[in-house]
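Reading through the structure tokens given below for one structure.
The values are calculated or read from the model by the stated rules, or taken from the named source; none is laboratory data. Computed from a predicted model, the values in this text were never measured in an experiment. Cβ atoms come from the backbone with ideal geometry, glycine included; neighbour counts cover every protein chain shown.
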Amino acid sequence: MYYPDVPALEPEELELLCHEYVEHNATLDPHLADQMGVKRGLRNLDGTGVLAGITNVSNVVGYDKKEDGTIVPIPGRLIYRGYDLTDLVDAYIREKRFGFSEVAYLLLLGKLPTREQYEMFNAVLHSYTALPQNFTEDMILKNPSHDVMNKLGRSVLALYSCDPDPDSLTVENMMRQSIELVARFPVIVAHAYVVKRHYFDDDSLYLHRPEPGLSIAENFLRMIRPDKQFTHEEARLLDLCLVCHAEHGGGNNSTFSCRSVSSTGTDTYSAIAAAVGSLKGPKHGGANRQVLAQFSLIKQTVRDWKDDDAVAGCVRRILRRELGDGSGLIYGMGHAVYTLSDPRTVILRQSARTLAAQRGMLDELELMEAVERVTPRVFAEVTGHEKVMCANVDMYSGLMYRMLGISPDLFTPLFAVARITGWCAHRMEEVLTGGRIYRPAYKPLIRHKDYVPFDER
């Protein structure tokens, strides 16, 4: 919507400007970049990431690299502060308790909390769930957004104005800001979602406050549902999703964006807003929505969901750009680091099976597993390239959310609710130990031109 006192750009004017751009800005040949040794996407030619920093926050393991440079695929591991994600999740499941706030403590402070520290941390988190005075009215209710991520980014920047000491880079100040953000992200997202539903989907407007004594997952479900009702099992499954999404190394795009911006010495809110903007992208945090959309297409196309050949035929058409959005991608398959398996996928797949059986959606889950099973073979057939390929976390997270009755509008925002812990941990590490501003180089292809006066052009 244009402001009423600002004239809109006429179609002819826009067309002229775009024509000028296309004519004078040649498409860059990616092969030329490879020839020049340019690491496009900050990746080596074998797909591995360019080393840009060191970290004690986490480690993402998907392959072994031999002395001769050969990459050996191995089962994936995700390690939080030295602890294997699988071990953490196994403990939470075995003890039938919520794990996200413990993981937040671990990532922010570098150690597992004692019971007393855990209880203190939970109490502190709840005390910070309250948004600044009039914040909900001024920043969330006004100027509603049809995309919750944009509203979240705007709200993060607005929190700067509510902070009595927004720019200080002391450990104490950044820790306070981090805890506040971890506590407030679920509230901002839940309220932004409800407001979006009210203004754009003609739904009732209700704003529920978090309740003391409940976990972040419990309170989130309570805030987004009109009747505030949820089951313990639903909350535990959502908590599991948050734990799996809490952190994923310094090289993923949103965390790298946060670290890059943090290296300038800017404030916490600017750095986190940059990460939110990155996560929104469909190639990053928005991928789970694409998985769900493509999966819906596969369901409509394949008549017999239990026939692997029929599923393979549909996958083949997608890869050949004959079906779907024309990208030739099977969303949810493949990862920049993981090869044989994504540990988050392994965890969520099993939990999804249990929930699917309860919700009468086991056939849909098994169809998704069939897509995961046949894609590597069909990919090799269509492209002529053998590639070790596994399902990534986006393959099953969207299905988990859907089975929990969570709207696709919340898929990526929930990713942010979880990942704010990792972002803050990496930001503090970058500010305190990074030492240098990020400044990678780009290879210029421009040629010198002599200036031409106006009347001679």
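Considering region 77-110 alone, what residues qualify as being aromatic (Phe, Trp, Tyr) and in a strand (DSSP E or B)?
TYR80, TYR83
Scan region 389-400 and give yes if some residue there is outside the structural domain of LEU221 (by TED's automatic domain parsing), surrounded by fewer than 21 Cβ atoms within 10 Å (Cβ to Cβ), at negative phi and not hydroxyl-bearing (Ser, Thr, Tyr), otherwise no.
Checked against the condition, which is being outside the structural domain of LEU221 (by TED's automatic domain parsing), surrounded by fewer than 21 Cβ atoms within 10 Å (Cβ to Cβ), at negative phi and not hydroxyl-bearing (Ser, Thr, Tyr), region 389-400 yields at least one hit.
Sort out for me the helices (runs of 4 or more DSSP H) sitting completely within region 319-423 that have 1 or more residues that are touching a residue at least 12 places away in the same chain (Cβ under 8 Å) and more than 21 Å from the chain's Cα centre (by Cα).
By residue number, 343-359, 362-383.
For the subset of region 131-156 comprising residues that are touching a residue at least 40 places away in the same chain (Cβ under 8 Å) and not in a helix (DSSP H, G or I), which member is surrounded by the most Cβ atoms within 10 Å (Cβ to Cβ)?
Among those residues, the one meeting the criterion is LEU131.
Restricted to region 204-220, and to residues that are of a type in the set (A, V, I, L, M) and without any contact (Cβ under 8 Å) to a residue 40 or more places away in the chain, which residue is nearest to PHE100 (Cα to Cα)?
The qualifying residue nearest to PHE100 (Cα to Cα) is LEU214.
Which of the residues that make up region 1-51 are assigned to a loop (DSSP other than H, G, I, E, B), out of contact with any helix residue (DSSP H, G or I) (no Cβ under 9 Å at 6 or more places or on another chain) and among the β-branched types (Val, Ile, Thr)?
Matches in region 1-51: VAL6, THR27, THR48.
Are any residues in region 76-104 of a type in the set (Phe, Trp, Tyr) and within 20 Å of the chain's Cα centre (by Cα), and if so, which ones?
Scanning region 76-104 gives TYR80, PHE100.
Checking the conditions here, which among PRO73, PRO113 is in a strand (DSSP E or B) and either assigned by TED's automatic domain parsing to the domain that holds ALA246 or at pLDDT below 95 (or both)?
Sole residue among the options that is in a strand (DSSP E or B) and either assigned by TED's automatic domain parsing to the domain that holds ALA246 or at pLDDT below 95 (or both): PRO73.
Please work out which one of (1) in contact (Cβ under 8 Å) with a residue 40 or more places away in the chain; (2) surrounded by fewer than 20 Cβ atoms within 10 Å (Cβ to Cβ) is the condition ILE298 fails and give its number.
The single condition ILE298 does not satisfy is (2).
Is at least one residue of region 434-445 surrounded by 10 or more Cβ atoms within 10 Å (Cβ to Cβ), touching a residue at least 12 places away in the same chain (Cβ under 8 Å), in a helix (DSSP H, G or I) and at negative phi?
yes
For residues that are closer than 16 Å to SER178 by Cβ and without any contact (Cβ under 8 Å) to a residue 24 or more places away in the chain, scanning just region 107-116, find the one that is farthest from the chain's Cα centre (by Cα).
Residue satisfying both the conditions and the ranking: PRO113.
Filtering region 1-40 down to residues that are surrounded by fewer than 11 Cβ atoms within 10 Å (Cβ to Cβ) and of a type in the set (Gly, Ala, Ser), which residue is modelled with the lowest pLDDT?
ALA26
For region 228-235, check the following and say yes or no: at least one residue is part of a helix (DSSP H, G or I), in contact (Cβ under 8 Å) with a residue 12 or more places away in the chain and surrounded by 22 or more Cβ atoms within 10 Å (Cβ to Cβ).
Taking every residue of region 228-235 in turn, none turns out to be part of a helix (DSSP H, G or I), in contact (Cβ under 8 Å) with a residue 12 or more places away in the chain and surrounded by 22 or more Cβ atoms within 10 Å (Cβ to Cβ).
Among the residues in region 195-207, are any of a type in the set (Lys, Arg), more than 17 Å from ALA130 (Cα to Cα) and surrounded by 15 or more Cβ atoms within 10 Å (Cβ to Cβ)?
yes
State whether the residues of region 378-386 include one that is in contact with a helix residue (DSSP H, G or I) (Cβ under 8 Å, 6 or more places away or on another chain), among the aliphatic types (A, V, I, L, M) and within 21 Å of ASP90 (Cβ to Cβ).
No.
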